[in-house]
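See structure below.
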Amino acid sequence: MRARSYRTVLTAGLVGGVAFGCVDLVLTWLNPTEDDSPLVLLRFYGPMFLFWGVVAFRRARRGGGLSSGIVAGILVALATFSVFVAINFARVNIFLYQLTAREDWDGLMMRFRASGAADLRTFVNGDYLREIPGKMFAATVFGTACGVIGGISGWFLRRRNGQSEIAQP
């Protein structure tokens, strides 16, 4: 991919991160005690993964080929999740005391009580900061998968329609 394509993919990821982060804020505001059940997680992250696949599809379809689709999936995922993690960090701080009533926070609250830490906010922020590398790794894995699926789809449709394998300017 050329630099312009990278900028377009990264910009899409940043905008996507803001959009998904804001949706997460609104959903938490509307129902701060809704647990992260598998269905709730799929309802939220499914559209994000679809977005990443569409970006990869478009990149591969526009002449970048399969490898460009995969790279686009990874880049859009990293950009989206970088912004999303920052907004999620703000969300946790804004709604901290409401979130403690969530069933999926039981383990975190037990670790807090067992730690002897004096301040819940400091403990939760430290916990969230420690999780960032794992979350970014997961975003990279899912971005790669979305890039593969979107890239193969875009590459296949490009070939099926008889378009050249050479990237268009």
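Please pick out the residue among GLY134, GLY143 that is closer than 22 Å to THR80 by Cα, exposed (fewer than 15 other Cβ atoms within 10 Å of the Cβ), at pLDDT 95 or above and not polar (S, T, N, Q). That would be GLY134, the only listed residue that is closer than 22 Å to THR80 by Cα, exposed (fewer than 15 other Cβ atoms within 10 Å of the Cβ), at pLDDT 95 or above and not polar (S, T, N, Q). Would you pick out the residues in region 119-131 that are of a type outside the set (A, V, I, L, M, F, W, C) and either under 17 Å from ALA90 (Cβ atoms) or modelled with pLDDT under 95 (or both)? Selection gives ARG121, THR122, ASN125, GLY126, ASP127, TYR128, GLU131. Flag not set for ARG91, criterion: surrounded by 17 or more Cβ atoms within 10 Å (Cβ to Cβ) and modelled with pLDDT under 95. Candidates GLY17, GLY73, GLY46: the one that is touching a Cys at 6+ places or on another chain (Cβ under 6 Å), at pLDDT 95 or above and of a type outside the set (Ser, Thr, Tyr) is GLY73. Can you name the residue in region 58-75 that is on the phi < 0 side of the Ramachandran plot and out of contact with any helix residue (DSSP H, G or I) (no Cβ under 6 Å at 6 or more places or on another chain) and, of all such residues, is surrounded by the fewest Cβ atoms within 10 Å (Cβ to Cβ)? Ranking the qualifying residues of region 58-75, first place goes to SER67.
Restricting attention to region 38-57, the residues that are within 16 Å of THR11 (Cα to Cα) and either of a type in the set (A, V, I, L, M) or surrounded by fewer than 18 Cβ atoms within 10 Å (Cβ to Cβ) (or both) total 4. Count of region 20-55 residues, restricted to those that are under 11 Å from the mean Cα position of the chain (by Cα) and among the aliphatic types (A, V, I, L, M), is 2.
Has region 76-88 got any residue that is more than 14 Å from the chain's Cα centre (by Cα), surrounded by 19 or more Cβ atoms within 10 Å (Cβ to Cβ) and of a type in the set (S, T, N, Q)? Looking for residues that are more than 14 Å from the chain's Cα centre (by Cα), surrounded by 19 or more Cβ atoms within 10 Å (Cβ to Cβ) and of a type in the set (S, T, N, Q), one finds none in region 76-88, hence no.
The values are calculated or read from the model by the stated rules, or taken from the named source; none is laboratory data. Bear in mind the structure is a predicted one, so any value in this text is a computation, not a measurement. Every residue, glycine as well, gets a Cβ built from its backbone with ideal geometry; the counts of neighbours run over all protein chains shown.
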